[in-house]
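*Asks:* Just dropping this structure here.
The values are calculated or read from the model by the stated rules, or taken from the named source; none is laboratory data. The structure displayed is predicted, hence computed values, not measured ones. As a convention, Cβ positions derive from the backbone with ideal geometry for all residues, glycine included, and neighbour counts pool all protein chains shown. The protein model used for the area step is the full one, side chains on, heavy atoms only, and it has no ligands, DNA or RNA in it. Shrake-Rupley method; radii C 1.70, N 1.55, O 1.52, S 1.80 Å.
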Amino acid sequence: MDRYTQISSAAMEIAGAKNNTIALTGAGISVASGIPAFRGVGGLWDKYDPGEYATIEAFRKNPAKVWVMLKEFKEVIQQAQPNPAHLALAKLEQLGYLRTIITQNVDGLHQEAGNTNVIEFHGNNRDTVCLKCGRKYPGRELNLDTLPPYCNCGGVLKPDAVFFGEPIPWEALSRSHEEAYNCRVVLVIGTSAVVEPAASIPYLARRAGARIIEVNPERALAADIFLRGPAEEIMPLLVDEVIRISS
Ligand code: APR
């Protein structure tokens with residue numbers, strides 16, 4: 001099927017699901033906002049070995065080293081703005097066709113774009129938390145002139161994002177499963193779908209009867225409808241088509 005026919009079929013599924021569509025997003029949706037993805041050409045893990053920078057063990061062993069990467073990532077995120085893909089999802093929520101976004105991203109761009117029901121499955125990069133006393137610091141308060149930043153109690157501060165080897169926040173996990181079991185469409189955008197337990201969410205939804213729609217330049221999962229291309233191009237077309245067939 002050509003791209004238009006695919007988009008039209010996807011739009012029919014979403015329009016038919018009314019408020020029972022959820023989205024699962026990954027780093028690919030923020031690439032057009034200037035935030036590199038993790039895997040693939042130019043990915044963050046090309047530059048920084050995740051074994052040395054993205055596990056909680058690596059962080060505890062050498063926080064100053066990991067904070068060099070974290071500071072660079074934070075600066076990129078601070079410059080980033082929502083792109084047409086984020087804005088399309090915000091419009092879909094405003095139109096009443098998108099109930100929840102489950103995002104693996106920590107950049108906060110879905111909320112900035114206007115989505116109000118966002119589950120941050122891997123935490124966020126806004127806040128930092130003390131590994132010793134557990135105190136949380138809102139991101140704006142951080143002085144990163146010297147690394148690592150320390151808590152007033154003397155403990156090392158860590159972004160409130162989930163590192164490999166850490167559990168998914170319980171509330172995010174249970175809410176995401178609840179959403180997956182109670183949706184009719186799961187729109188999977190910009191994820192390689194290789195990191196568990198996020199990667200299983202579309203299949204949990206399918207087991208409960210949902211259709212899987214994927215938006216990605218390359219196929220990452222066994223979707224019912226695959227919209228090949230960059231999200232910043234595809235998503236506005238998809239939302240326009242939902243509006244057209246619903247009016
Ligand atoms: N539009 C849509 N998808 C895109 C675009 C784009 N413009 N550019 C790239 N992609 C796709 C890639 O084809 C790939 O499938 O986005 C995906 C990015 O995959 P990853 O870099 O693996 O990102 P993600 O799936 O979010 O990683 C999951 O891994 O390292 C951990 O915690 C980190 O949350 C992250 C998790």
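*Asks:* Solvent-accessible area per residue for the chain at a 1.4 Å probe radius, Å²?
*Replies:* On the way: 11390 Å² over 247 residues.
Result: 46 Å² of accessible area for each residue.
*Asks:* To continue, here is another question. Using alpha-carbon positions, what is the distance between the centroids of segment 82-121 and segment 192-236, in Å?
*Replies:* So the separation of the two Cα centres works out to 16 Å.
*Asks:* Let me ask something else about it. Each label point is 7 Å from the Cα along the Cα-to-Cβ direction; what then is the distance between the points at Ala64 and Asp49, in nm?
*Replies:* Modelled inter-label distance: 2.0 nm.
*Asks:* Follow-up question, since we're still on this one. Within the set Lys91/Lys132; Lys74/Lys132; Lys65/Lys132; Lys47/Lys158; Lys18/Lys74; Lys65/Lys136, which residue pairs have Cα atoms separated by over 30 Å?
*Replies:* As for pairs spanning more than 30 Å Cα to Cα, those are Lys91/Lys132; Lys18/Lys74.
*Asks:* Between Glu75 and Ser247, what is the FRET efficiency for a Förster distance of 41 Å, r being their Cβ-Cβ separation, to the nearest 0.05? Show your work: numbers first, answer last.
*Replies:* Details: r = 43 Å, r/R0 = 1.04.
Computed FRET efficiency for Glu75 and Ser247 comes out at 0.45.
*Asks:* Please report, as a whole percent, how much of the solvent-accessible surface of the chain comes from carbon and sulfur atoms (probe radius 1.4 Å).
*Replies:* 53 percent
*Asks:* Note the full-extension length gain between Ala222 and Cys133 as 0.36 nm times their separation in residues minus their Cα-Cα distance, in nm to one decimal.
*Replies:* Between Ala222 and Cys133, full extension yields an extra 27.7 nm.
*Asks:* If I model a spin label at Arg175 and Leu142 as a point 7 Å from the Cα along the Cα→Cβ vector, what separation in nanometres do I get?
*Replies:* The answer from the label model is 2.1 nm.
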